Amino acid sequence: MIPISWYLILAAALFSIGLFGVLARKNAVAILLGVELMLNAVNINLVTFWRYNAPETVTGQVFAIIVFAVAAAEVAVGLALIISIYRNRNTIVADDLDLMKW
Amino acid sequence: MQITQILFLIFAAIILGSAFKVVTTKKMIHAAFWLIVTLFGVAALYAMLNAGFMAMVQIVVYVGAIAILFIFAIMLTRKELLDSAAPLNKNWGVAALFGLLSFGGLYTLLRNWEGFSNKASALSTDVDMITELGTALVTPNAYLLPFEVASVLLLAALIGAVYVANEAKSD
Amino acid sequence: MQNPWIYVGLFVLVGMFIPIAAIAIAAFLGPKKPNAIKQSTYECGIETVGDSWIQFKAQYYIFALVFLVFDVETVFLFPWAVSLNKLPLFAVFEGIIFILILLAGLVYAWKKGMLEWV
Amino acid sequence: MEFWKDPINTIFASLLKSFTSGGMSEILATILIWLIGILLFVTFAMVLDIFLVWIERKVVARFQDRLGPNRIGPFGIFQPFADIVKLLIKEDITPVGADVIMFNLAPIFSMMSVLLLWAIMPFAPLMVGVDLNVGMLYLVAAGSIGTLSVIMAGWASNNKYATMGAFRTVAQMISYEIPMVAAILVITVLAGSMGAVGIVEAQEIPFIFYAPLTFIIFLISAIAELGRSPFDLNEAESEIVAGFHTEYTGMKFGLFYAGELLHSFTFGGFIALLFFGGHRFFGLEELGPIVGALIFIGKALFFYWVIMWVKYTVPRIRIDHMLAFNWKFLTPLAFILLMVTALVGRLFLESNWLVPALFLSNILIAWLTVEYLKSHARKEREKEEALKPSTQMTQH
């Protein structure tokens, strides 16, 4: 049997890679990809805790489903904003989007 | 080493390797396809955790819808903008440091937790997880509010995204 | 065996193996005489102009968007549908409210003219 | 007699005994036997696929008042084998600028997404690969792998027609997935189960009598998912050449083509499973699982024929009409049906009036829909006529 620590370490590593992607990527779409990785890491944790600590209740799965809904909403609005920005300013490099800097 | 452990390590290697490609690949469309590999790996993990419903939802929602949306959005923006420049910004060293720090911090946090080496308890076979889930979602004392709020959230996301994309279309 | 997904995993392996074998046999048997004309992109005999990565219209994105929202909705509705017969009557109305809220989104997109293919 | 009652498990038990007697561990032996079984099963599917090619060509010939293949073997039955030999010895061309890995992966994924569906096909109660309790969600998930293969093929080909064709096909596939899932939800509400076996078991009376409109919606959206006429965008040569598989040759094209045919047959099976009681046929299935499996295959072939019938009778629909039809008509109707079925089904739960009530509510919805469409069409016509005064001039 696999100890819970393996799953948790995997999720932590996935989260960190996602965080790196969010901070380091230039492209706005790539930043959203990083956010997706982080949300997936969260979901791995939720399902793992459900399986190891409370398999008789459904709490972990309900939380994970809500995370799915949140991820979908985030992607929908985020990508729509990126497309809108691209149409208006012809760039999607996050560093160049500095209209609100001052 | 057991078969399940070897399987886990294979899936973990797939997930982490493809996740690393997602954040470093230069071509955006390749990054999106690497994300799909990661998502499949995570779905396999859910199946290993006896959460079949979650595995299927992962594929239906993430691979079937979110990844497609990403690919559409990438194709809607022009290639030169996406693939010409270096993929990482000049602060990538700091970002890597942050990533390592978060991993180290999470690891030490988990180390000090007493349930760190828990073993899975046996799953009772007579409970149908999906029925339980459905009951929990519509019982007022359980998760009725999140269930309805989720639909409002999706409605808000739909209206917001359609509104924003409509602006883009009218140009 | 307690986990039925092992079977599905094996099915995935075999399901990938069969087409790979078909392609491999074809690659082994078939002739290999590449030349520039043969390998050029087929665009009705006309020389290819520019990149194949052309600008697509935002309409595709809108359809994918509406699809995404309804796809997530069905994920919530499947457990509801399975357990419906064991639940009290008001659970049906909760599901109906859930569906109606999302249909309102569809109607909004419709009235905004976002479902037109123009 | 044991074998006749439960063939699969009998073979499985005897094989397991002979494997483990050689000192093999039980888990390994089980996995090995499963692997052999799956290989045989998938090979059966592929052989069936070969004959589907023959059936397809023969039936289309009859629809078009031709003979069809009739040279190789009796009734040309060995024609598909000649086709396969031709596909195998054809040169495999990869166009310049293609993304080689994804270009090759796309047909594999396309075929795999179809073969995966066979894992949950319940030929008979004891002849089913695996009875997942999330079976119907599995069906949708396999469909999304198919969508993925289309987008991979289109993008990797480095061809404008392929990319555009892939985008159109994907837009169509994801759009029609929504009414299809809603139709499956109606069935799930009626059966109280998502597993394929559970759905068949719930059909003392076939679900077509509970939900005739849902059946029509499922049939339409299934045809659209399959990309067959009247939704066959790929065949619109004048617009996008051959769609996402423009650049594919030889065996890779063959895989797309064979995948489409097998997909049609598989969906024929799912129509039989969801709406026509699966292996049930007036108590004939009591004779044994093998008879049940034959009945199931017969039903699947019949609905495969229905899909072909539609394909060779109805002309292609333009893409804008196709999407408008889905989003403005099929999707709202499917969700209204879901709500009505849930409500009526719950109100008449365990009463003798369940089937008549559901049937009548379906009839009522159909009547209201037709009335709405009539008034809508009248309005549209008046609008058109108001825009064109010249036509009234000519009437004088």
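Since every read-out is calculated from the coordinates, none of them should be taken as a lab result. Remember, predicted model here, so these are calculated numbers, not experimental data. Cβ: placed from backbone, ideal geometry, glycine included. Neighbour counts: every protein chain shown.
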Sum up the charges of everything whose Cβ sits under 10 Å from the Cβ of D:Glu91, counting Lys and Arg as +1 and Asp and Glu as -1, but leave D:Glu91 out. +3
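With an 8 Å cut-off on Cα pairs and a minimum separation of 6 or more residues, tell me the relative contact order of chain D in percent. Don't jump to the answer; show the numbers that get you there.
Working: 497 pairs, mean separation 74.8, N = 396.
After rounding, I find 19 percent.
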What's the local net charge at C:Pro31, with K and R +1, D and E -1, over the other residues with C-beta under 14 Å away? +3
Long pairs among B:Lys27/D:Lys252; C:Lys32/D:Lys160; B:Lys26/D:Lys160; D:Lys311/D:Lys379; D:Lys90/D:Lys252; B:Lys21/D:Lys252, criterion Cα-Cα beyond 20 Å: B:Lys27/D:Lys252; C:Lys32/D:Lys160; B:Lys26/D:Lys160; D:Lys311/D:Lys379; B:Lys21/D:Lys252
Can you tell me the relative contact order of chain B? Whole percent, Cα pairs under 8 Å, sequence separation 6 or more. 14
Taking square-rooted eigenvalues a ≥ b ≥ c of the alpha carbon gyration tensor, is the protein assembly as shown rounded, prolate or oblate, where a/c under 1.5 means rounded and, failing that, a/b exceeding b/c means prolate? rounded
With θ set to phi - 60°, apply the Karplus curve 6.51 cos²θ - 1.76 cosθ + 1.60 along segment D:365-381 and write out the HN-Hα couplings as whole Hz, x wherever there is a Gly or Pro. 4, 4, 5, 4, 4, 5, 4, 4, 4, 4, 5, 5, 5, 4, 4, 4, 5
Determine the shielding of peptide D:121-132 by partner chains: average, over its residues, the number of Cβ atoms on other chains within 10 angstrom of each Cβ. 2
Connecting every pair of Cα atoms under 10 Å apart in chain D and solving the GNM, the largest mean-square fluctuation among D:Ala98, D:Ala61, D:Ala13 falls on D:Ala13
Total formal charge among the other residues, if their Cβ is under 13 angstrom from that of D:Ile72, Lys/Arg +1 and Asp/Glu -1: +3
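For every helix of n ≥ 4 consecutive DSSP H residues, a contribution of -39,500 (n - 2.57) applies; sum these over the protein assembly as shown, divide by its total residues, and give [θ] at 222 nm rounded to the nearest 500 deg cm²/dmol. List each step's numbers first, then the result.
Details: 31 runs with 555 residues, N = 787.
Theoretical 222 nm ellipticity from helices: -24000 deg cm²/dmol.
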Just to be sure I understand: with springs between alpha-carbon atoms less than 10 Å apart, which residue in D:Ser157, D:Ser18, D:Ser264 has the highest mean-square fluctuation in the Gaussian network model of chain D? D:Ser18
Once phi for every residue in segment B:13-18 is put through the Karplus expression 6.51 cos²θ - 1.76 cosθ + 1.60 (θ = phi - 60°), the whole-Hz ³J(HN,Hα) values, with Gly and Pro written as x, are 5, 4, 4, 5, x, 5
Under 17 Å between alpha carbons, and skipping anything fewer than 8 positions from D:Lys383 in its own chain: which lysines qualify? D:Lys374
Given a Förster distance of 41 angstrom, what is the FRET efficiency for A:Ala54 paired with D:Leu287, based on the Cβ-Cβ distance and rounded to 0.05? 0.30
